[in-house]
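Every read-out reported here was derived from the displayed coordinates using simple, explicitly stated rules and does not represent laboratory data. For clarity, every value in this text was computed on a predicted model and none was experimentally measured. A quick note on method: Cβ atoms are made from the backbone with ideal geometry, for glycine too, and the neighbour counts reach across all protein chains shown.
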Amino acid sequence: MNWPVATTRIGNYGFGPRLGITRYQLDNGLGLLVLVDPSAPVVCYQTWFAVGSRHEHEGKTGIAHLLEHLMFNETRDLPYGEFDRQVEAAGAESNAATFLDWTFYTVSLPADALPLIMTLESERMSNLVLRDPQVQSEREVVANERRQTVDDDVDGAVTERLYKEAFRRHGYRWPTIGFMADIEGLTTADCRRHYDTYYAPNNATLVVVGDLDEAALLRAAEEHYGHLQPSELPAENAEPEPPQTAERRLSMRLPTASPKLVMGYRCPALGDADHPIVVLLNEILFGGRASRVHRRLVQELELASEAHGSIGHFRDPSLYDIYIAARPGQNLAPVQAALDAVFEQVVAESVTEAELERAQARVELATLQGLETASGKAEQIGFYDTVLGEPGALFGRLDAFRSATREAIHEAAKRYLMRRSRTVIELVPEEGDGP
């Protein structure tokens, strides 16, 4: 295959038994990950930027998310609303998301609309118009979003408090939505600075998956993006979080129908060899009705109505979030004691072979179901490339899930289910008695 001189082929990565990813890079640093899949006449086109709320600073939280909103506004050549109009007219769908480590923009489209989408995406990556009225309008939208998802939402409020308590130095303490005072204080100049710094080709990767002509795609990438200038990216500002040596516990009173126990244990970074093991441990503890915690707290003791656990999938060590909804009127002390007993048992005795096999099957099924569509493939490629620098890392994780042992689960339980490294929030109804 011949590709433009200014585009360098970096390498190939396996993506399952049949497909493969090819990585290219333009001279200006823009990455391009291509997976040709002719199984359906569709394409998913994603633009990933290595910037999220972890890159923000005190007093400027929420700017990554605000700029995500502003990217759907006016550009030099596209009046307000024209981006969405042309995307919809082409039969395509667009969306975007921002989180702690990343921001990405995605368009799912008919294969023949790819040239149009590349024109639109390169335009807003290089020629976004930022004016005070637009920034003020989107600030108000984001402020309302914060009210709905945090200020007036019990789960959102307690999750924000959990991360603020658990992280004292690392940027993971910043909520992606931003603190309200910061949102209201963000200026057009702040947004322009963020855009010019991070929305640069050397901080971006295009992920294109589907029924496409790879040579034509490379020529179009050079045409639409080759002229963009790289930026001088700032040094990574994430300060390592010091080890937590004592449990942190607090109580919150909010308008909730029943008491809740919200906890965060420390969990490893996504790239740590322990991470897939901890995912399996969580599945054994919280994965469905047959899980240990659900069976004990919900079915047998009838202390709780819900029990959930989730592992952070982040670049740096983060939290193993646990959420227990007690039954109305239930004191939280017995709930905590019962949960601790379940954890102590798995630390002392590990798990059974049947539990491990069930967890492996559930995790593998969920992983593979996420790859059924072009957009699912693109999102996994972009996520693992942006966070780990390995676009095909998902399949290495599948291998780790399949090869995990009971002994590895046992060691992970002893290493991560330590009371001294957890943060606990007891959430009680405003009008009720505390635990």
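With the gyration tensor restricted to C-alpha atoms of the stretch 7-225, the semi-axes of the equivalent ellipsoid amount to 32, 20, 17 Å, longest first. What the Cα atoms of the chain give is an Rg and a Dmax of 23.2, 72 Å.
What is the dipole size for the chain, taken about its Cα centre, with +1 at each Lys and Arg Cβ and -1 at each Asp and Glu Cβ, in debye to the nearest 20?
1160 debye
Straight Cα distances below 21 angstrom link Lys260 to the lysines Lys164, with same-chain residues fewer than 8 positions distant left out. Max-minus-min Cα coordinates of the stretch 248-429 on each principal axis give 48, 35, 30 Å, with the largest extent listed first.
Cross-link partners for Lys414 among the aspartates and glutamates, with Cα-Cα distance under 19 Å and sequence neighbours closer than 8 places in the same chain left out: Glu247, Asp272, Asp274, Glu283, Asp321, Asp340, Glu344, Glu349, Glu353, Glu355.
A simple packing score, the average count of other Cβ atoms within 10 Å per residue, orders the peptides 94-101, 249-256 as 94-101, 249-256, with the highest score first. Partners of Lys60 within straight-line reach, counting aspartates and glutamates whose Cα lies under 14 Å from its Cα and excluding those fewer than 8 residues away in the same chain: Asp182, Glu184, Asp190. Under the combined filter of DSSP loop state and at most 16 neighbouring Cβ atoms within 10 Å, the stretch 288-345 retains these trypsin sites (Lys or Arg not before Pro): Arg289. Considering only Pro133, Leu233, Ser39, and ranking their Cα positions along the charge dipole of the chain that arises from unit charges at the beta-carbon of Lys, Arg, Asp and Glu, the one farthest toward the positive end is Leu233. The calculated 222 nm mean residue ellipticity attributable to helices in the chain amounts to -12000 deg cm²/dmol, summing -39500 (n - 2.57) over DSSP H runs of n ≥ 4 and dividing by all residues.
Summary of packing: across the peptides 227-234, 192-199, the per-residue average of other C-beta atoms within 10 Å ranks them, highest first, as 192-199, 227-234. Seen through its C-alpha gyration tensor, with square-root eigenvalues sorted a ≥ b ≥ c, the stretch 17-124 comes out oblate because a/c lies at 1.5 or above while a/b is not bigger than b/c. Starting from the Kirkwood radius over alpha-carbon pairs of the stretch 372-431, derive D by Stokes-Einstein at 25 °C in a medium of 0.890 mPa s and give it in µm² s⁻¹. The calculation lands on 162 µm²/s. Ranked for footprinting exposure by Cβ neighbours inside 10 Å, fewest first, Cys44, Cys191 give Cys191, Cys44. Using the average count of surrounding beta-carbon atoms within 10 Å as a protection proxy, the listed peptides 328-338, 200-210, 408-418 rank, highest first, as 200-210, 408-418, 328-338.
Entry note, the chain: relative contact order of 21 percent, from Cα contacts under 8 Å with a spacing of 6+ residues.
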